[in-house]
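The values are calculated or read from the model by the stated rules, or taken from the named source; none is laboratory data. It should be emphasised that the depicted structure is a prediction, and the values quoted were computed from it without experimental measurement. A quick note on method: Cβ atoms are made from the backbone with ideal geometry, for glycine too, and the neighbour counts reach across all protein chains shown.
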Amino acid sequence: MSRVKNFLSIYDFSRNEICDILLRSAALKTERGKENFCLKGKKIGLIFEKSSTRTRVSFEVGIVELGGHPIFMSSRDLQLGRGEPVKDTARVLNRYLDGVVIRTFEQERIETFARYFEKPVINGLTDLYHPAQILADIFTVYEIKNKGKGADMPDNSVIETINGLKVVYFGDANNMANSWVSLQAVLGFELVLAMPEGFNINAAVREESEKNGGKFFISNDKIAAAKNADVITTDVFISMGQDEEKEKINKLKPFIIDDNTVKSAKEDVLFLHCLPVHRNEEVTDGVFERFSQVVFEEAGNRLHVQKAIMEKVFK
Ligand code: CP
Ligand code: NVA
């Protein structure tokens, strides 16, 4: 079993470590351009078995800005894509690289890689979790809620900001929903998942949340769920690798975030979306454009937050 620091899910960080990462993200964002070559000389692989715009580019740029050398590998080009076992790929790359970011399918695949690779591994999205994204999301909320309070925020400002929030996620029980569940378990805020009857959170995700003291609610009533929300969020109805499940869209359609959903929430509600968005499927074009400044800030924050994560994991 590898004893290095990995970031395969939110549970790899304690509450204090997450608070540190969010405070550090704020500093890295303010100080962008200031020399910080903490990954100098490190060769970091990026193994992607699914498409990506934000995750790939923000990690690559982040590695370059921290003085490291990124090496992008699509599984289409690797022998991995032709069936070479993950555990063999890991044992080979271990001899060349100092760390990897992986985007793949089953969580078990990244866990197997991490077991055979003796250096740190970061999850760049699996079918189960998208932990780097969820930290960028909560950082965006933290930042907006503290706007105008100055750069030197006290250590307790993260928990103080996040503890009292009501977050409502609408839509599919996918890797983003699971990531909110895991974040709730570690940070503690009110989390409601608004989804159709018959949809439920994966049993392993529920179990991990319970083990970590998490608590979340599932509602089949979109408007009631949105009541007094501080944050409303959604994700695509069909995730990568689920193209066969198109009939799911009809069941999810009523859970679109529209004007009535926003009206039910608090007046200063924030809307988040990890992107890419399917306009008029999970969110109306009108609501999306109204909150687009927040959503693109959220996308931009991937860079700063992932630099803070990499400082903890790859340094
Ligand atoms: N949000 C996100 O992970 O985007 P990409 O799929 O473009 O990386
Ligand atoms: N749930 C989506 C997230 C994309 C960033 C997917 O897995 O495709």
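Data for the structure
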| item | result |
| --- | --- |
| The lone exception for Leu303 - which of (1) under 22 Å from the mean Cα position of the chain (by Cα); (2) within 16 Å of ligand 2 (Cβ to nearest atom); (3) more than 18 Å from Asp137 (Cα to Cα) it fails | (3) |
| Any hit, region 245-267, residues being free of Cβ contacts under 8 Å to residues at least 24 places away in the same chain, in contact with a strand residue (DSSP E or B) (Cβ under 7 Å, 6 or more places away or on another chain) and more than 16 Å from ligand 1 (Cβ to nearest atom) | no |
| Residue match in region 95-104 (condition: outside any strand (DSSP E or B), of a type in the set (D, E, K, R) and away from ligand 1 (no atom under 16 Å from the Cβ)) | yes |
| Selection count, region 202-237, where residues are buried (at least 19 other Cβ atoms within 10 Å of the Cβ) and within 16 Å of ligand 2 (Cβ to nearest atom) | 6 |
| Subset of region 55-68 [surrounded by fewer than 21 Cβ atoms within 10 Å (Cβ to Cβ) and within 16 Å of ligand 2 (Cβ to nearest atom)] | Arg56, Val57 |
| Residues being in contact (Cβ under 8 Å) with a residue 60 or more places away in the chain, within 16 Å of ligand 2 (Cβ to nearest atom) and among the β-branched types (Val, Ile, Thr) - total across region 86-125 | 2 |
| Qualifying residues in region 208-244 (those that are hydroxyl-bearing (Ser, Thr, Tyr) and away from ligand 1 (no atom under 16 Å from the Cβ)) - the one nearest to Leu272 (Cα to Cα) | Ser219 |
| Residue among Ile71, Ile47 that is within 16 Å of ligand 1 (Cβ to nearest atom), surrounded by 15 or more Cβ atoms within 10 Å (Cβ to Cβ) and of a type in the set (A, V, I, L, M, F, W, C) | Ile47 |
| Residues of region 238-283 classified as among the charged types (D, E, K, R), surrounded by 15 or more Cβ atoms within 10 Å (Cβ to Cβ) and farther than 20 Å from Pro196 by Cβ, total | 1 |
| Ser51 vs. criteria on the phi < 0 side of the Ramachandran plot, within 16 Å of ligand 2 (Cβ to nearest atom), in contact with a Phe, Trp or Tyr (Cβ under 7 Å, 6 or more places away or on another chain) and modelled with pLDDT of 95 or more | no |
| Positions within region 68-85 being part of a loop (DSSP other than H, G, I, E, B) and in contact (Cβ under 8 Å) with a residue 12 or more places away in the chain, in sequence order | Gly68, Ser75, Leu78 |
| Total residues in region 119-155, condition in a loop (DSSP other than H, G, I, E, B), away from ligand 1 (no atom under 16 Å from the Cβ) and of a type in the set (Val, Ile, Thr) | 0 |
| Lone qualifier among Val186, Val141, Val181 - being in contact with a Leu (Cβ under 8 Å, 6 or more places away or on another chain), surrounded by 15 or more Cβ atoms within 10 Å (Cβ to Cβ) and in contact (Cβ under 8 Å) with a residue 40 or more places away in the chain | Val141 |
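Here is a yes/no grid of residues against (1) over 18 Å from Leu93 (Cβ atoms); (2) within 16 Å of ligand 1 (Cβ to nearest atom); (3) within 15 Å of the chain's Cα centre (by Cα):
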{"residue": "Arg15", "(1), (2), (3)": "yes, no, no"}
{"residue": "Ile18", "(1), (2), (3)": "yes, no, yes"}
{"residue": "Ile21", "(1), (2), (3)": "yes, no, yes"}
{"residue": "Arg32", "(1), (2), (3)": "yes, no, no"}
{"residue": "Cys38", "(1), (2), (3)": "yes, no, no"}
{"residue": "Val61", "(1), (2), (3)": "yes, yes, no"}
{"residue": "Gly67", "(1), (2), (3)": "yes, no, no"}
